[in-house]
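Take a look at the structure below.
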Amino acid sequence: MSYDTDRTYAYIQSGKKLRLYKIRRSSGRFIDTEGRVKGGNLDSIIYPDEAISLGLRVEYTAIVDPFVDKDPEATAVGDLTTVTAPTESTHINLNRMLSLAVVDYVRAMMAERIGDLEKKEYYLREFHKKVADNESNRNKMYIANTIKTYAIK
Amino acid sequence: MTILELMERANTRETKLVIAYVKDAINKMQSSNEITTTSAKQNIVENQRDYNLPADLIAIKHISVLDTEDDNKYKIIRRLASEPLVSEDTNP
């Protein structure tokens, strides 16, 4: 019977492992025979003291379905089928901007193969610019402010 | 965009190499941005501290623990600022 898990659990990452701890809350204060309050905060961390079925959830980034059978920008997500052995006709499961970023990455790696490091750096910069553009496109927002009644207009 | 179109734009004919580079590029993008996220769940075992992270993990977004007292919601937990004193426990 877990409760307030956002406040009673904590973790730390250690290599490929996740170390999970439970925080045991304790005020640690007690009143002595003369009525004085002593002690401080004695919160301690312990190992999980209960079993929780499917209790730990890890949300993370991963390479999820990198190749699909249809154009992902023209097909509903549910209609896409993952391709495990991609060929030349397989689609990359990215939008147009990120696909163009991947083109720059491939150009950069090809330039590196022939020892043209200047060209490699140029295309890698283009790759990062496109990835950043894609990220900022998703974060566009418009803020509307109300005008106060007695504001000078 | 198909692999073929990508190869034509990059002016190369090496399909397998391009496919490997595409995976590398996606890996690189996922390291610094959240293009796509996924999740995995596992049991919490009493008195067990260590849990395996997913093998395909690139970057952690959130760690949550199930709150059975609050309508079975997964609540995001905090990361400890520093490692506790015990590094290995031979008798947990």
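The values are calculated or read from the model by the stated rules, or taken from the named source; none is laboratory data. Not measured: the values here are computed from a predicted model. Glycine gets a Cβ as well: all are built from the backbone with ideal geometry, and neighbour counts include every protein chain shown.
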key: Single match in B:Asp67, B:Asp71 (criterion: over 17 Å from the mean Cα position of the chain (by Cα), crowded, with 16+ Cβ neighbours inside 10 Å and modelled with pLDDT under 95)   = B:Asp67
message = Of everything in segment A:96-142, what is loosely packed, with under 15 Cβ neighbours inside 10 Å and either touching a residue at least 60 places away in the same chain (Cβ under 8 Å) or closer than 20 Å to A:Pro72 by Cα (or both)? Give them in sequence order.
response = A:Arg96, A:Met97, A:Asp133, A:Asn137, A:Arg138
key: Condition check for B:Asp70: among the acidic types (Asp, Glu) and closer than 24 Å to A:Tyr3 by Cβ   = yes
note = Every listed condition ((1) within 7 Å of chain B (Cβ to nearest Cβ); (2) at pLDDT 85 or above; (3) not in a strand (DSSP E or B)) holds for A:Leu54 save (3)
request  = Hey, can you tell me all the residues within segment B:65-92 that are of a type outside the set (Asp, Glu), under 17 Å from A:Ile23 (Cβ atoms) and assigned to a loop (DSSP other than H, G, I, E, B)?
outcome  = B:Ile77, B:Leu80, B:Ala81, B:Ser82, B:Pro84, B:Leu85, B:Val86
key: Failed item in (1) more than 23 Å from the chain's Cα centre (by Cα); (2) assigned to a loop (DSSP other than H, G, I, E, B); (3) at pLDDT below 85, with A:Asp71 passing the rest   = (3)
ask   = If only one of A:Arg24, A:Arg7, A:Arg29 is modelled with pLDDT under 85, over 16 Å from B:Val45 (Cβ atoms) and surrounded by 12 or more Cβ atoms within 10 Å (Cβ to Cβ), which one is it?
value = A:Arg24
Conditions (1) part of a loop (DSSP other than H, G, I, E, B); (2) of a type in the set (Gly, Ala, Ser); (3) under 18 Å from B:Glu5 (Cβ atoms); number of the one not met by A:Ala144 = (3)
query = Which is under 22 Å from B:Asp24 (Cβ atoms) and not small (Gly, Ala, Ser), of A:Val83, A:Val58, A:Val77?
reply = A:Val83
query = Applying the selection to segment A:83-95, what residues are surrounded by 12 or more Cβ atoms within 10 Å (Cβ to Cβ) and either out of contact with any His (no Cβ under 9 Å at 6 or more places or on another chain) or in a strand (DSSP E or B) (or both)?
reply = A:Pro86, A:Thr87, A:Glu88, A:Thr90, A:His91, A:Ile92, A:Asn93, A:Leu94, A:Asn95
Hits in segment A:83-95 (condition: in contact (Cβ under 8 Å) with a residue 12 or more places away in the chain, at the interface with chain B (Cβ under 7 Å from one of its Cβ atoms) and of a type outside the set (Val, Ile, Thr)) = A:Pro86, A:His91
request  = Among the residues of segment B:15-64, write down those that are of a type in the set (Gly, Ala, Ser), assigned to a strand (DSSP E or B) and at pLDDT 90 or above.
outcome  = B:Ser39, B:Ala40, B:Ser64
ask   = When both residues are 6+ apart or on different chains and their Cβ atoms are under 9 Å apart, which pairs have a first residue that lies in segment B:25-54 and is more than 7 Å from chain A (Cβ to nearest Cβ), and a second that is of a type in the set (Lys, Arg)?
value = none
